[in-house]
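Laboratory data are not the source of any read-out in this text; all were calculated from the coordinates shown. This is a predicted model, so every value here is computed, not measured. As a convention, Cβ positions derive from the backbone with ideal geometry for all residues, glycine included, and neighbour counts pool all protein chains shown.
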Amino acid sequence: MRYAVYFTPPKESPLTRLAAAWLGRDPFTGAAMTPPAVQGLTPVEIAFHTAAARRYGFHATLKAPFDLAGGESDASLASAVAKFAGEIEPFAIPRLTIGQLDGFFALLPAAPVSALNRLADDVVRAFDRFRSPLSEAEIERRNPDVLSAEEFQNLHRWGYPYVFDAFRFHMTLTGRVSAGEGQRVRAALEEVFGAALAAPVVVDGIALFVEPEPGAPFTVHSYSPFAPQRERKSA
């Protein structure tokens with residue numbers, strides 16, 4: 001069983017509902033979803049392009065999937081995530097855009113958001129004590145030969161290459177898409193998500209995801225809302 005700390009909007013968020021339909025699975029319930037009707041892509045094509053992303057559910061990685069360290073438990077991790085979230089003040093991403101990162105489509109911030117980077121940095125540090133060190137086989141699966149020196153050091157120290165200065169916030173929507181298919185897939189994504197991306201996205205909670213067994217779909221174990229500043233000051 002592996003765990004991960006992700007950002008995802010709450011279950012009832014319109015963006016969450018759109019993404020669940022696009023990816024074909026709701027990570028909050030595990031239910032399969034009917035893909036949206038779009039011009040230019042059939043439901044089978046959507047299912048093909050979203051297959052890799054579907055297993056993980058709609059999210060942005062903060063603490064990448066990890067096995068629990070000895071002495072920790074499901075309950076101790078969930079409690080720590082809730083406590084951490086209760087000390088964070090909500091903030092907004094002014095605008096997300098559809099872009100490509102290493103060949104796959106994702107929702108990306110239109111401009112840097114310093115609060116996102118601080119959140120990611122804090123999550124990496126706060127929950128590292130819950131992470132069992134990677135085995136040599138797990139390190140090899142990350143293709144260390146293609147990593148930069150910084151990413152390689154991050155992999156060994158933090159269990160994931162893309163943290164701190166190497167972090168790029170993204171909410172994955174597809175697997176790698178060939179250049180020949182890119183225009184069609186982008187058009188479909190703009191049709192599905194365009195209106196929703198006109199509004200800011202509020203970051204007001206984090207989710208603990210769980211992979212029950214190797215290769216199984218990730219589902220939301222628990223969602224922990226952030227605490228407004230006025231509540232923290234009056235505590």
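Hey, can you tell me all the residues within segment 1-11 that are under 17 Å from the mean Cα position of the chain (by Cα), surrounded by fewer than 21 Cβ atoms within 10 Å (Cβ to Cβ) and part of a loop (DSSP other than H, G, I, E, B)? It would help to see each step written out before you state the result.
Here is the first cut: in segment 1-11, the ones under 17 Å from the mean Cα position of the chain (by Cα) are 2-11.
Narrowing the set further to residues that are surrounded by fewer than 21 Cβ atoms within 10 Å (Cβ to Cβ) leaves 2, 10-11.
Matches in segment 1-11: PRO10, LYS11.
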Next on the checklist: Under 8 Å between Cβ atoms, which residue pairs at least 6 apart in sequence (or on different chains) link something in segment 193-216 that is hydrophobic (A, V, I, L, M, F, W, C) with a partner that is assigned to a strand (DSSP E or B) and surrounded by fewer than 15 Cβ atoms within 10 Å (Cβ to Cβ)?
Outcome noted: LEU197/THR97; VAL201/ALA92; VAL202/ALA92; VAL203/ALA92
Next on the checklist: Among the residues that make up segment 22-40, is at least one of them farther than 24 Å from ARG176 by Cβ, assigned to a helix (DSSP H, G or I) and not small (Gly, Ala, Ser)?
Outcome noted: no
Checklist entry - under 17 Å from VAL5 (Cα atoms) and outside any strand (DSSP E or B): does that describe VAL44? => result no
Item to check | Top-ranked residue in segment 119-134 [being free of Cβ contacts under 8 Å to residues at least 60 places away in the same chain and within 16 Å of the chain's Cα centre (by Cα); ranked as nearest to ARG184 (Cα to Cα)] | outcome: ALA120
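Is one or more of the residues making up segment 80-90 surrounded by fewer than 13 Cβ atoms within 10 Å (Cβ to Cβ), outside any strand (DSSP E or B) and touching a residue at least 12 places away in the same chain (Cβ under 8 Å)?
So the first thing to find is which residues in segment 80-90 are surrounded by fewer than 13 Cβ atoms within 10 Å (Cβ to Cβ), and the list is 83, 87.
Now narrow it down to the ones that are outside any strand (DSSP E or B): 83, 87.
Keeping just the survivors that are touching a residue at least 12 places away in the same chain (Cβ under 8 Å) gives 87.
Yes, segment 80-90 contains at least one residue that is surrounded by fewer than 13 Cβ atoms within 10 Å (Cβ to Cβ), outside any strand (DSSP E or B) and touching a residue at least 12 places away in the same chain (Cβ under 8 Å).
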Next on the checklist: Please go through segment 94-127 and give me each residue that is surrounded by 15 or more Cβ atoms within 10 Å (Cβ to Cβ), outside any helix (DSSP H, G or I) and out of contact with any Leu (no Cβ under 8 Å at 6 or more places or on another chain), ordered by number.
Outcome noted: GLN100, VAL113
Item to check | Residue satisfying all of: in segment 21-34; out of contact with any Gly (no Cβ under 6 Å at 6 or more places or on another chain) and buried (at least 16 other Cβ atoms within 10 Å of the Cβ); nearest to TYR223 (Cα to Cα) among these | outcome: PHE28
Checklist entry - Quick one: which helices (runs of 4 or more DSSP H) sit completely within segment 128-235 and have at least 2 residues that are of a type in the set (Phe, Trp, Tyr)? => result 149-158
